[in-house]
1. Sort through Leu93, Leu64, Leu110, Leu99 and tell me the only one that's of a type outside the set (Gly, Ala, Ser) and over 19 Å from Lys9 (Cβ atoms).
2. Looking at this structure, is Asp58 touching a residue at least 24 places away in the same chain (Cβ under 8 Å) and more than 29 Å from Asp161 (Cα to Cα)?
3. Tell me the strands (runs of 3 or more DSSP E) entirely within the range 1-91 that contain at least 3 residues that are within 12 Å of the chain's Cα centre (by Cα) and within 12 Å of the ligand (Cβ to nearest atom).
4. Checking Thr117 against (1) within 15 Å of the ligand (Cβ to nearest atom); (2) out of contact with any Leu (no Cβ under 8 Å at 6 or more places or on another chain), which test does it fail?
5. Within the range 52-70, identify whether any single residue is under 23 Å from Leu126 (Cβ atoms) and open to solvent by 50 Å² or more (accessible area, probe 1.4 Å), and answer yes or no.
6. May I ask you to verify whether Gly127 is farther than 16 Å from Leu158 by Cα and open to solvent by 10 Å² or more (accessible area, probe 1.4 Å)?
7. Looking only at residues that are assigned to a helix (DSSP H, G or I) and either modelled with pLDDT under 95 or open to solvent by 100 Å² or more (accessible area, probe 1.4 Å) (or both) in the range 97-113, which one is nearest to the ligand (Cβ to nearest atom)?
Amino acid sequence: MAKKKKAKKVEGIVRPALMRDADQIHDLISYYGERRKMLFRTLEDLFERIREFRVFADNKDKILGCCGLAILWRDLGEIRSLAVDPKHIGCGLGKKMVLDAIEEARRLGLKRVFALTYEAPFFEKLGFTIVEKERLPHKVWTDCIRCEMQDNCGEIPLIMDLT
Ligand SMILES: CC(C)(COP(=O)(O)OP(=O)(O)OC[C@H]1O[C@@H](n2cnc3c(N)ncnc32)[C@H](O)[C@@H]1OP(=O)(O)O)[C@@H](O)C(=O)NCCC(=O)NCCS
């Protein structure tokens, strides 16, 4: 049987995003937006929401990944705009950033976090469970109004209970 290729270890840290990271976050999200893997975010939106983001910065402070935690209601958060530099997929950066976002969600007292994604197996590995779209509050679909694919996007809703 073929031996599983060991992922390359990437030196760096997960830290809160800073204003100087906004352009690199924008580039990452746009890369996947162009490939229809996630919603585009404007720079203006990123400036406004920079406090929602954590990034993975390498030793030279190059941004190799980003992950937002949006608060939708008193007990509900959303993992959104999760992206890893295509050259560093499979190195554990996505997991590190999502775990950091979950830790923040717990600290804030959120009871549940969810994600809408094409990468369900990744989230399942982290302990999220697939749910029926209808089980998520209506407020969740605010982004869909902005999206040209609307109800036909095929994104899978997953949720993690933090209680
Ligand atoms: C999805 C994404 C964020 C995952 O990040 P990553 O850094 O490549 O993933 P990691 O290396 O942290 O993987 C963590 C675990 O999930 C597993 N995993 C990652 N992607 C997977 C997939 N598509 N299917 C199954 N398992 C997967 C890994 O094997 C690893 O398992 P392990 O802990 O047993 O070793 C990244 O692939 C990405 O940026 N994709 C494009 C953008 C996108 O779709 N974002 C999601 C929008 S919500």
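The values are calculated or read from the model by the stated rules, or taken from the named source; none is laboratory data. It should be emphasised that the depicted structure is a prediction, and the values quoted were computed from it without experimental measurement. All Cβ positions, even for glycine, are placed from backbone atoms using ideal geometry, and neighbour counts span all protein chains on display. Side chains included, ligands, DNA and RNA excluded: accessible areas come from the protein's heavy atoms. Shrake-Rupley method; radii C 1.70, N 1.55, O 1.52, S 1.80 Å.
1. Numbers: Leu93 fails: over 19 Å from Lys9 (Cβ atoms); Leu64 fails: over 19 Å from Lys9 (Cβ atoms); Leu99 fails: over 19 Å from Lys9 (Cβ atoms).
Exactly one of Leu93, Leu64, Leu110, Leu99 is of a type outside the set (Gly, Ala, Ser) and over 19 Å from Lys9 (Cβ atoms), namely Leu110.
2. Working: touching a residue at least 24 places away in the same chain (Cβ under 8 Å): yes; more than 29 Å from Asp161 (Cα to Cα): yes.
Spelling it out, Asp58 is indeed touching a residue at least 24 places away in the same chain (Cβ under 8 Å) and more than 29 Å from Asp161 (Cα to Cα).
3. Details: elements: 12-16, 53-58, 63-73, 76-84.
Counting at least 3 such residues, we get 63-73, 76-84.
4. The single condition Thr117 does not satisfy is (2).
5. Initially, the range 52-70 is screened for residues under 23 Å from Leu126 (Cβ atoms), giving 52-58, 63-70.
If we keep only those that are open to solvent by 50 Å² or more (accessible area, probe 1.4 Å) too, we end up with none.
Within the range 52-70, not a single residue is under 23 Å from Leu126 (Cβ atoms) and open to solvent by 50 Å² or more (accessible area, probe 1.4 Å).
6. Working: farther than 16 Å from Leu158 by Cα: no; open to solvent by 10 Å² or more (accessible area, probe 1.4 Å): yes.
Criteria not met by Gly127.
7. As a first pass, look at the range 97-113 and keep what is assigned to a helix (DSSP H, G or I): 97-108.
Those left that are additionally either modelled with pLDDT under 95 or open to solvent by 100 Å² or more (accessible area, probe 1.4 Å) (or both): 103, 106-107.
Values: Glu103: 15, Arg106: 19, Arg107: 21 Å.
Among them, the one singled out is Glu103.
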